[in-house]
2 protein chains.
Amino acid sequence: MNIGIAGLGLIGGSMAKAVKSRTGHAVFGFDRDPAVLDAALGENACDGILDCGRLRGCDIVLVALWPEDAVRWVAENADSFAPGGIVSDLCGVKGSVCAGVQKAVSNRAFTFIGAHPMAGKERGGFQNADAALFEGASVLLTPFPEADEGQIERLLAFYRSLGFERIVRTTPEEHDRVIAYTSQLAHIVSNAYVKSPTAALHHGFSAGSYRDLTRVARLDEDLWTQLFMENSAPLKAELDGLVERLTAYSEALENGDAETLRLLLREGRTTKERIDAEND
Amino acid sequence: MNIGIAGLGLIGGSMAKAVKSRTGHAVFGFDRDPAVLDAALGENACDGILDCGRLRGCDIVLVALWPEDAVRWVAENADSFAPGGIVSDLCGVKGSVCAGVQKAVSNRAFTFIGAHPMAGKERGGFQNADAALFEGASVLLTPFPEADEGQIERLLAFYRSLGFERIVRTTPEEHDRVIAYTSQLAHIVSNAYVKSPTAALHHGFSAGSYRDLTRVARLDEDLWTQLFMENSAPLKAELDGLVERLTAYSEALENGDAETLRLLLREGRTTKERIDAEND
């Protein structure tokens with residue numbers, strides 16, 4: 001097949017490298033940064049440039065742009081995608097993206113299927129792209145209800161060929177609600193955690209728990225602001241829930257109430273054990 | 001040397017195994033659970049039982065008990081430690097422990113030196129003890145001001161022989177203030193994080209950031225309640241600081257204020273970069 005990839009950052013670049021290293025497909029890529037495009041061509045992560053002429057020849061087009069750009073790019077190119085082809089965005093929010101492209105892609109001869117690969121790194125950009133990034137990862141799919149099942153199966157098989165092990169079909173709404181907790185809240189907590197004045201003293205005083213809590217504090221604030229603003233209601237609900245729960249521990253400490261503190265900790269421990277057991 | 005170890009849980013058991021696998025010293029251990037003591041003897045993590053007679057023959061005695069038990073045990077055995085020997089507790093709080101033993105150990109012929117090995121696992125107990133647990137880790141020492149420097153050096157050399165790479169000398173007060181942030185707060189956040197009702201849906205929707213945020217949620221609530229209650233003022237200050245910072249993100253989301261959200265995220269990103277650069 002011919003695979004088109006718009007945007008060769010960490011995710012798009014890793015997709016390009018995974019396709020080239022794990023399949024026999026040809027990759028045509030584009031990035032607004034000419035240096036990135038040169039690097040991708042130079043490293044043979046792409047076989048050629050994804051221009052308007054190439055677009056029509058692509059069986060699958062991956063849109064690895066930020067949400068607002070992804071919506072705009074799909075709409076602008078809606079006339080250029082191959083009849084019978086598949087277009088799949090890779091954004092971390094799905095409600096706003098799927099709603100944004102819906103009008104542009106309806107009644108077209110190609111199939112649009114939203115996707116969110118659950119993999120990343122603390123550092124973005126093509127220079128950190130990795131052919132193995134998706135090995136063993138999940139990918140979440142949010143097809144429109146009218147999407148052709150055969151096309152969905154084709155896209156699933158393609159993602160599996162890149163190393164994805166688990167495919168979850170969901171709705172944009174459920175996706176955004178769960179991701180607000182599993183990914184977005186984690187990034188905010190990490191980003192807020194590292195701001196304590198005590199963090200500057202951590203060296204020699206810390207081990208795994210500090211490292212884990214602050215790992216994703218280094219994020220691209222422009223990208224994540226866009227992701228958070230497009231999912232603000234579910235994210236705010238999760239954030240406020242966490243603040244409320246944390247406040248209960250603080251009150252127990254304030255009151256010198258060891259038994260309440262113990263019960264709060266016990267509730268977290270048993271919750272973690274139950275969830276891990278359900279998922280094993 | 002002869003090394004005595006009181007308490008053969010994760011930390012004491014790992015100390016026993018590290019001594020036996022990395023040095024030629026003899027280990028005499030004790031645990032209130034006879035099955036644990038049997039296991040330690042059966043696996044040759046201990047050469048014999050640490051009883052009152054043995055105690056006087058130990059060059060270094062490690063007290064790997066919970067804080068209140070550690071204070072009591074050192075006081076009860078203050079007449080039995082070898083003249084010229086070293087007694088080192090391994091508790092995760094140092095202010096209450098060092099203050100608690102101070103009267104019992106002053107003007108004695110042995111030297112007491114508080115220590116906190118910065119290593120652990122999500123699961124405790126001798127069954128998870130590991131000779132390699134301390135490889136590359138830090139150990140924090142909080143000697144009394146009057147402690148003999150030669151004895152401190154002896155203890156340092158001993159800890160280095162177990163694989164510790166970094167030794168930090170500090171005061172009990174500074175220790176507790178920094179640990180409140182680097183370890184205790186992380187455990188509370190993780191424990192509170194996993195309680196969201198959304199956590200039950202995470203499977204397939206999560207990757208590294210969820211895993212990292214919830215890793216230490218599974219904690220022994222009895223032990224950690226004691227650790228938290230004995231360090232409640234610094235811990236509460238850190239917890240309240242985090243809640244205040246998280247609330248700022250929530251307000252930006254509430255107000256639809258993308259620019260404030262971006263600045264909050266930027267502040268966290270630059271803080272993380274600065275701290276990592278200082279410590280590299």
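What follows draws every value from the coordinates through simple rules; no lab data is involved. Predicted model, so just to flag it, every value in this text is computed and none were measured. Because the Cβ atoms are built from the backbone with ideal geometry, glycine has one as well, and the counts that use them run over all protein chains shown.
Amide hydrogen proximity for B:Val61: with H placed 1.01 Å from N in the peptide plane, the residues at 5 or more positions away or on another chain lying under 5 Å are B:Gly4, B:Ile86, B:Val87, B:Ser88. Across the identical copies, the label point of A:Ala233 (7 Å from Cα in the Cβ direction) is separated from its matches by 4.6 nm, in order from shortest.
Between B:Asn44 and B:Arg169, the FRET efficiency from the beta-carbon distance, with R0 = 35 Å, is close to 0.60. For the protein assembly as shown, the calculated P(r) over all alpha carbon pairs, in 10 Å bins from 0 to the bin holding the longest distance, is 4, 17, 23, 20, 15, 11, 7, 3, 0 percent. Working note: Debye formula, equal point scatterers on the alpha-carbon atoms of chain A, no solvent; log10 I(q)/I(0) at q = 0.17 Å⁻¹ is -1.40. Annotation: for a label point projected 7 angstrom from Cα along Cα→Cβ of B:Asp240, residues of segment A:184-209 with backbone N closer than 19 Å are A:193, A:195-199. Comment: the Cα-to-Cβ extended label point of B:Ser106, at 7 Å, lies 8.2 nm from its counterparts in the other copies, nearest first.
When the pairs A:Lys195/B:Lys94; A:Lys236/B:Lys195; A:Lys17/A:Lys121; A:Lys94/A:Lys121 are compared against a 23 Å limit on Cα-Cα distance, A:Lys195/B:Lys94 fall above it. What FRET efficiency would be calculated for the residue pair A:Leu223, A:Glu273, taking the C-beta separation as r and a Förster radius of 30 Å, to the nearest 0.05? After rounding, the FRET efficiency stands at 0.30. Based on alpha-carbon centroids, what's the gap between segment A:212-280 and segment B:175-218 in Å, whole number please? A separation of 7 Å, based on Cα centres. Applying 1/(1 + (r/R0)^6) with r as the Cβ-Cβ distance of A:Glu251 and A:Asp79 and R0 = 56 angstrom yields a FRET efficiency of 0.40. If you look at the Cα atoms of segment A:175-279, you get an Rg and a Dmax of 15.8, 44 Å. The DSSP beta bridges internal to segment A:2-170 are antiparallel in roughly 20% of cases. Each peptide in B:88-101, A:191-204 receives the mean, over its residues, of other Cβ atoms within 10 Å, and ordering these scores from highest gives B:88-101, A:191-204.
Peptide A:166-173 has a mean shielding of 1, counted as Cβ atoms of other protein chains within 10 Å of each residue's Cβ.
Partner shielding of A:220-228 amounts to 5, given as the average count of beta-carbon atoms from other chains within 10 Å of each residue beta-carbon. Inter-copy label distances at A:Arg56, shortest first and taken from points set 7 Å along Cα to Cβ: 9.8 nm. Remark: relative contact order (chain B) = 15 percent; criterion is Cα-Cα distance under 8 angstrom and separation of 6 or more residues.
Shielding value for B:119-132 is 1, the average number of Cβ atoms from other chains within 10 Å of each residue's Cβ. Between the Cα long axis of helix A:67-76 and the first principal axis of chain A there is an angle of about 20°, rounded to the nearest 10. For segment A:128-155, the residues whose amide N sits under 14 Å from a probe point set 7 Å from the Cα of A:Ser161 along the beta carbon direction are A:153-155.
Taking the axis that rotates chain A onto chain B, the chain A residue nearest to it by Cβ, with the distance rounded to whole Å, is A:Asp212, 2.
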